[in-house]
Amino acid sequence: MDQRVLRVSIVGCGKVGASIAWLLLNKRQMPMEVNIMEPSPHNNGRVLELQHCQVLHPENKLYINNKERFIESDVIFHTSGVNRKIIGSRMEVALDNITITKGVFGGCNFKNDPLVIVVSNPVDIVSYFTAKLPCLN
């Protein structure tokens with residue numbers, strides 16, 4: 001019997017994104033394709049660690065910055081965001097993270113109707129904005 005593959009994309013490979021990816025790649029209940037969308041070279045070390053861990057679970061596949069896999073995702077974890085400054089308002093962080101969200105999702109035509117889980121702070125504002133994007137309605 002052929003088992004369906006769950007396609008998951010994680011936007012951002014900081015501490016939260018890398019943790020989610022690691023947990024998913026270590027699941028054995030069903031085969032998964034995990035795609036990390038990470039434009040920042042600052043997180044290359046985390047991406048490399050995930051690539052090394054992935055060989056322990058060959059039934060799960062890891063992709064890096066694969067736009068086609070992103071568009072075909074069943075689930076998307078949006079963890080990308082700016083590093084919070086010690087001085088600065090919540091709204092400044094929100095505006096910066098909304099700009100990132102526009103860049104990530106802008107112009108995408110998803111093949112499926114993906115479940116989007118927002119983990120980017122401030123989560124309430126970024127979630128509201130993400131839900132209003134035309135590509136997700």
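Could you compute how much accessible surface TYR63 exposes when probed at 1.4 Å, giving the result in Å² to the nearest 10?
Surface open to solvent at TYR63 totals about 60 Å².
Just the number, please: carbon plus sulfur as a percent of the accessible area of the chain, 1.4 Å probe, no ligands or DNA/RNA counted.
The C+S portion of the solvent-accessible surface of the chain is 58 percent.
By how many nm would the segment from SER19 to ASP124 grow when fully extended, if each residue of separation counts as 0.36 nm and the alpha-carbon distance is taken off?
That works out to 35.7 nm of additional length.
Would you calculate a helix-derived [θ] at 222 nm for the chain, using -39,500 (n - 2.57) for each DSSP H run of n ≥ 4 and dividing by the full residue count, to the nearest 500?
-11500 deg cm²/dmol
Starting from the Cα-Cα distance between CYS53 and ASP113, subtract it from 0.36 nm times their residue separation and give me the gain in nm to one decimal.
18.7 nm
With everything on Cα atoms, drop me the angle between helix 90-105 and the longest principal axis of the chain, reported from 0 to 90° to the nearest 10.
40
If you take the charge dipole of region 30-137 about its Cα centre, with +1 on Lys and Arg Cβ and -1 on Asp and Glu Cβ, which of ALA131, PHE110, ILE71 is farthest toward its positive end?
Looking along the dipole axis, the top candidate is ALA131.
I want to check a number: in region 12-137, how many lysine pairs have alpha carbons closer than 22 Å, given a sequence separation of 8 or more or different chains?
Number of lysine pairs found: 14.
Please calculate the 1.4 Å probe accessible area of ILE71, with all protein chains present, and give it to the nearest 10 Å².
Counting only protein heavy atoms, ILE71 exposes about 30 Å² to solvent.
The values are calculated or read from the model by the stated rules, or taken from the named source; none is laboratory data. Fair warning: this is a prediction, and the values are worked out from it, not measured in the lab. Using ideal geometry, Cβ is built from the backbone for each residue, glycine included, and neighbour counts are taken over all protein chains shown. For accessibility, only protein heavy atoms count, side chains too; no ligands or nucleic acids. Shrake-Rupley method; radii C 1.70, N 1.55, O 1.52, S 1.80 Å.
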